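Accompanying notes for the structure given below.
The values are calculated or read from the model by the stated rules, or taken from the named source; none is laboratory data. All of these numbers come straight from a predicted model, not from anything done at the bench. Here the Cβ positions follow ideal geometry from the backbone for every residue, glycine too, while neighbour counts run over all protein chains shown.
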C-alpha cells in the first residue's frame, strides 16, 4: 500500500504551489459530509492558505447535513486558516423549481440543478475572495463512469484527488484522521429526497467499478464470473453514455480555404 501520509503531503504541496504560482490566495470547497469532500478540504487546509469550506444544504437529509457541519467544525478546530460557511440553498432551489415548468423536467435534471446551484454559490465566493474552486471528484467518478453533474460538481478549477481511486481516498481519509462517521458513511451524492446511494444509482459498488476500470485498462484474459460480466456491462454503459462529460467539448474547426 502506498504511503498515504506521503501522498497527502504531495497533494497538499501541489495545491499550494498551483495557487501561489497563479496569485491565488483562497481555496473554496463545498463540503457534503462525504469522504471525497472531507479529504479534499483537509488537504486544502493543510496548505496554510485561506480555506473556505461551505455547507450548502438543499432539502438535505439530516445525517448528511450534520456530517458536513461536524467536519467543518473539526477543520476550524484544527486549522486557523479555515473558515466555515453555511449557505442554505433550499429556498433558492424551491424558487427555481416554482419558476420552471416541472412537467417538462425529469427528476434527474432537477437533481442536477441542485449541483449547479451549489457550483454557482462556490464561484460567487471564490470570485469575491481571489480564490479558486477546488474539486472533490475521484478517478472512478471523473474518468471511469462520469458520475458527476456537468457544470455542477464537475465545474471546478483544480482536481486534487481525481487521480485517486475511491479506495485510495478512503485510505487517505484514515491517514488524515477524518471523522470516523464520515469514513464509515455510505457514499451518496445527496441530490435525491429518497436518500438513494451511489450504489443504488449505479448498480455496482466502488470496489466493483475500480475492478472494471482496471480490467478495461489491462484485460487479464481470465474467465469472468456472471457478476463480473454484469459489472463490466454497467461500467461500459456509464462510460459510454457519460463520455460527453469526460471528454473535451467538441469545437468546430473551419476548413482552410
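Could you go through region 36-50 and let me know if any residue there is within 16 Å of the chain's Cα centre (by Cα) and part of a strand (DSSP E or B).
Taking every residue of region 36-50 in turn, none turns out to be within 16 Å of the chain's Cα centre (by Cα) and part of a strand (DSSP E or B).
Taking the conditions exactly as written (within 26 Å of residue 85 (Cα to Cα) and surrounded by fewer than 18 Cβ atoms within 10 Å (Cβ to Cβ)), does residue 136 satisfy them or not? Talk me through it step by step, then tell me what you get.
Numbers: within 26 Å of residue 85 (Cα to Cα): yes; surrounded by fewer than 18 Cβ atoms within 10 Å (Cβ to Cβ): no.
Criteria not met by residue 136.
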- For region 90-101, state whether one or more residues are in contact with a helix residue (DSSP H, G or I) (Cβ under 7 Å, 6 or more places away or on another chain) and touching a residue at least 24 places away in the same chain (Cβ under 8 Å). yes
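Could you tell me whether any residue of region 95-112 is touching a strand residue (DSSP E or B) at 6+ places or on another chain (Cβ under 8 Å) and modelled with pLDDT of 95 or more? Lay out the reasoning, then the answer.
Of the residues in region 95-112, the ones touching a strand residue (DSSP E or B) at 6+ places or on another chain (Cβ under 8 Å) are none.
No, there is no match, as no residue in region 95-112 is touching a strand residue (DSSP E or B) at 6+ places or on another chain (Cβ under 8 Å) and modelled with pLDDT of 95 or more.
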- Note on the structure: For region 34-55, pairs from a residue that is at positive phi to a residue that is surrounded by fewer than 24 Cβ atoms within 10 Å (Cβ to Cβ) and in a loop (DSSP other than H, G, I, E, B), with Cβ under 6 Å and 6 or more apart or across chains, are 48/81
- From (1) under 19 Å from the mean Cα position of the chain (by Cα); (2) part of a helix (DSSP H, G or I); (3) surrounded by 18 or more Cβ atoms within 10 Å (Cβ to Cβ), pick out the condition that doesn't hold for residue 70. (3)
- Run residue 22 past the list (1) surrounded by fewer than 13 Cβ atoms within 10 Å (Cβ to Cβ); (2) under 13 Å from residue 178 (Cβ atoms) and report the number of the one that doesn't hold. (2)
- Return the total of residues in region 203-238 being out of contact with any helix residue (DSSP H, G or I) (no Cβ under 9 Å at 6 or more places or on another chain), under 19 Å from residue 137 (Cβ atoms) and in a loop (DSSP other than H, G, I, E, B). 0
- Take residue 7 and decide whether it is surrounded by fewer than 20 Cβ atoms within 10 Å (Cβ to Cβ), touching a residue at least 40 places away in the same chain (Cβ under 8 Å) and either over 19 Å from residue 87 (Cβ atoms) or touching a helix residue (DSSP H, G or I) at 6+ places or on another chain (Cβ under 7 Å) (or both). yes
- Yes/no for residue 221 being out of contact with any strand residue (DSSP E or B) (no Cβ under 7 Å at 6 or more places or on another chain) and surrounded by 14 or more Cβ atoms within 10 Å (Cβ to Cβ): no
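Restricting to region 86-115, name every residue that is under 20 Å from residue 148 (Cα atoms) and not in a helix (DSSP H, G or I). Steps first, answer last, please.
Just the residues of region 86-115 that are under 20 Å from residue 148 (Cα atoms), to begin with: 89, 93, 105-115.
Across region 86-115, the qualifying residues are 89, 105, 106.
Hey, among 169, 145, which residue is surrounded by 21 or more Cβ atoms within 10 Å (Cβ to Cβ), more than 12 Å from the chain's Cα centre (by Cα) and either within 21 Å of residue 82 (Cα to Cα) or at pLDDT 95 or above (or both)?
Values: 169 fails: more than 12 Å from the chain's Cα centre (by Cα).
Among 169, 145, only 145 is surrounded by 21 or more Cβ atoms within 10 Å (Cβ to Cβ), more than 12 Å from the chain's Cα centre (by Cα) and either within 21 Å of residue 82 (Cα to Cα) or at pLDDT 95 or above (or both).
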- All but one of (1) under 25 Å from residue 20 (Cβ atoms); (2) surrounded by 12 or more Cβ atoms within 10 Å (Cβ to Cβ) hold for residue 80, so report the exception by its number. (2)
- Message: Filter region 107-118 down to the residues that are free of Cβ contacts under 8 Å to residues at least 40 places away in the same chain and either within 15 Å of residue 156 (Cβ to Cβ) or touching a helix residue (DSSP H, G or I) at 6+ places or on another chain (Cβ under 9 Å) (or both) and list them by number.
- Response: 110, 113, 116
